[in-house]
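So the structure is just underneath, and the comments pick up after that.
The values are calculated or read from the model by the stated rules, or taken from the named source; none is laboratory data. All values reported here derive from a predicted model rather than from experimental measurement. FYI the Cβ positions are ideal-geometry reconstructions off the backbone, even for glycines, and counts take in every protein chain you see. In case anyone asks, the SASA skips ligands and DNA or RNA and just uses the protein heavy atoms, side chains included. Shrake-Rupley method; radii C 1.70, N 1.55, O 1.52, S 1.80 Å.
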Amino acid sequence: MKRIVARLDIKGDKVIKGIQLEGLRVVGDPVELAERYYLDGVDEFVFVDAVASLYGRNTLSDVIRGMSRKVFVPITVVGGIRNVNDARSVLRAGADKVGINTAAVQNPNLLTELASQFGRQSIVLSVEAKRVGPKSWEVYCDSGREPSGMEVVGWARSAVEYGAGELFVTSIDQDGTQQGTDLDLMAALASALPVPVVASGGVGQLSHVVDILNYSDVSAVAIASALHYDKLTIRDIKKELCDKGFCVRNTL
Amino acid sequence: MSKPKVVVVDYGASNTFSVISAFEYCGANVRLSDSSAEIEIADFLILPGVGAFPDGINNLVSLGLDEAIWRFSQTERPLMGICLGMQLLATTGDEFGRHNGLNLLKGSVIKLPELTVDGKKLRLPNIGWIKTLSSNEPHENDHGFFKYLNDKWFYAAHSFHFNPSGNIDAAVRFDYGGHLIVGALQHENIVGCQFHPERSGKSGVDVIERFLKL
């Protein structure tokens, strides 16, 4: 089955949205948006803590706790998780999975430590990738600011060996554009890896969701601006996928 | 009518907040506890858990909670095991070597198959929503509980599953690449959910509400 995931980028206590991971615009209140998407049938949430270094853990933990009391689907928190203690405090606040990017690139052993403490199924590798060639993408750290010098497929394979149980991939080129997903990037990762891959970045129309699921074996599609700007609803997406023969959780 | 007293076993599992929130949402008075005395007086006991079998069982044993859980199970009050919590109730678990579980559910915890019945690769861990198969046979012991488990979507995240070897009163399975895997089961006063009822939307909340009426 294919999951439909709502992605909320959070700054402090607000949901924000950028384009190509830059230029942050406030779009709403996290708990309000989350409740709306939950009632509309979303399968899962990914919360990206967009400015993790500026705000303390407490604001985000409060947001997660607020959500956990009202929405009963899984939550992954990505951003600013540097060590086991950061992961533990986010999980204890109600998150089901933690997504790691920069800290894992700096020290892949962290993935092993986290997987052994919390279980592989709770540890997600968050990858932000930018196209550098026809079938080649570079991994970026620090919310799309720092090039790492690493090619995405090689890094993802290695991270899975270290302990990541799932991959959350953001196409920097397509993020916020609503011009369609990076089909080749997602296909390359889904075929190279034995773990589930969640595709993020670029969905603007129903056909974009159908395309990515036809073109690649990703397990889930994450959608942000198309939802936050009311261009698409979860209900519409699931109906379209159902009509096109995909197996989705029926919440109608 | 007073709220049902639910105790969630605290043995270091990381996902207790969502379990507590969901049971509170369903009207229970919930305590997170590692105290045998508190477990003894609970109306309902929940064993949560995400992570590896050996760590889970070692933590329970070192806190003396294995005995407290066993004593509770003998009182016939309802006990629910969730995900790793359900697996720890088994006779043995095969994660990182063979370990003994609490032996309240006869059977072993083994790795999920890596290939579908047609030989295609399956992704592991199994993360996502499973749909339980509808079972048309009512069961004399199920107290009407099982209709909340049949033919519903639930969220699961696991690499291992419980394979019953002995008599289980009732089990609901899901199709995993053509293999039939136990999604939930009931044996006497024990309910086991491989999925996470606290993260399964309305179907999960319905299961919790119904469990609290057992």
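At a glance:
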item: Two-site label geometry, A:Thr177 and B:Arg98: point separation in nm, points 7 Å out along Cα→Cβ; result: 5.6
item: Among the listed pairs A:Lys70/B:Lys131; A:Lys17/A:Lys97; A:Lys238/B:Lys131; A:Lys231/B:Lys121, those beyond 27 Å (Cα-Cα); result: A:Lys231/B:Lys121
item: Average accessible area per residue (Å²) across the range B:57-123 - probe 1.4 Å, nucleic acids and ligands excluded; result: 48
item: B:Asp118 versus A:Asn107: modelled label distance in nm, points set 7 Å from Cα along the beta carbon direction; result: 4.6
item: Potential extension, A:Asp13-A:Ser158 segment - 0.36 nm per residue separation minus Cα distance; result: 48.8 nm
item: Rg/Rh ratio calculated on Cα atoms of the range B:1-46 (Kirkwood radius); result: 0.95
item: Cα-based convex hull, the range B:46-120, per residue volume (Å³, whole number); result: 102
item: Shape metrics for the range A:169-217, restricted to C-alpha atoms - Rg then Dmax, Å; result: 10.0, 29
item: Euclidean distance between Cα centres, the range B:13-61 to the range A:161-217, Å; result: 36
item: Sum of side-chain charges, B:Leu63 neighbourhood, beta-carbon under 9 Å (Lys, Arg +1; Asp, Glu -1); result: -3
item: Gyration tensor (Cα) of the range A:86-181, equivalent ellipsoid semi-axes in angstrom; result: 24, 15, 11
item: Convex hull per residue volume in Å³, alpha carbons only, for chain A; result: 107
item: The range A:1-77 - share of DSSP beta bridges that are antiparallel (%, nearest 5); result: 45
item: Fraction in percent of alpha-carbon pairs per bin - 10 Å, the range A:16-118; result: 14, 45, 33, 7
item: Accessible-area composition of chain B, carbon plus sulfur, in percent [1.4 Å probe]; result: 47
item: 5 angstrom amide H check on A:Ile10, placed H, neighbours 5+ away; result: A:Ile16, A:Val48, A:Asp49, A:Ala50
item: Residue-normalised accessible area of chain A, expressed per residue, 1.4 Å probe, Å²; result: 37
item: Phi to ³J(HN,Hα) by Karplus 6.51 cos²θ - 1.76 cosθ + 1.60 over the range A:126-134, Hz, x for Gly, Pro; result: 9, 10, 10, 10, 10, 4, 10, x, x
item: Kirkwood Rh and Cα Rg combined as Rg/Rh, the protein assembly as shown; result: 0.96
item: Taking N as its residue count, the alpha carbon Rg of the range A:133-252 over 2.2 N^0.38 Å; result: 1.08
item: Dipole axis of the protein assembly as shown (+1 Lys, Arg; -1 Asp, Glu on Cβ), positive-most option in A:Asn101, B:Phe160, A:Ala50; result: A:Ala50
item: Amide N of the range A:72-102 lying under 11 Å from the label point, which is placed 7 angstrom from the Cα of A:Asp62 along Cα→Cβ; result: none
item: Coordinate range along principal axes, alpha carbons of the range A:130-204, Å, largest first; result: 33, 24, 23
item: Accessible-area composition of the range A:1-126, carbon plus sulfur, in percent [1.4 Å probe]; result: 46
item: Interface residues in the range B:15-44 - accessible area drops by 50 Å² or more relative to the isolated chain, probe 1.4 Å; result: B:Phe17
item: Chain pair B, A: total accessible area buried, heavy atoms, 1.4 Å probe, Å²; result: 2700
item: For the protein assembly as shown, share of DSSP beta bridges that run antiparallel, in % to the nearest 5; result: 45
item: Highest average packing first - B:42-53, A:65-76, B:79-90, Cβ atoms within 10 Å; result: B:79-90, B:42-53, A:65-76
item: At R0 = 56 Å, FRET efficiency that the Cβ-Cβ distance of A:Tyr229 and B:Glu40 yields, to 0.05; result: 0.55
item: Average beta-carbon neighbours from other chains, 10 Å sphere, peptide A:18-24; result: 0
item: Helix-only CD estimate at 222 nm, as mean residue ellipticity for the protein assembly as shown, using -39500 (n - 2.57) per DSSP H run (n ≥ 4); result: -8500 deg cm²/dmol
item: Accessible-area composition of the range A:139-252, carbon plus sulfur, in percent [1.4 Å probe]; result: 45
item: Chain B - Kirkwood radius from inverse mean 1/r over Cα pairs (Å); result: 17.1
item: Efficiency of FRET between A:Ser136 and B:Lys5 - r from beta-carbon atoms, R0 51 angstrom, step 0.05; result: 0.30
item: Inter-label distance, nm, simple model (7 Å from Cα along the C-beta direction), B:Lys213/A:Lys239; result: 3.2
item: Sequence-distant residues sharing a close amide H with B:Glu188 (under 5 Å, placed H); result: B:Asp169
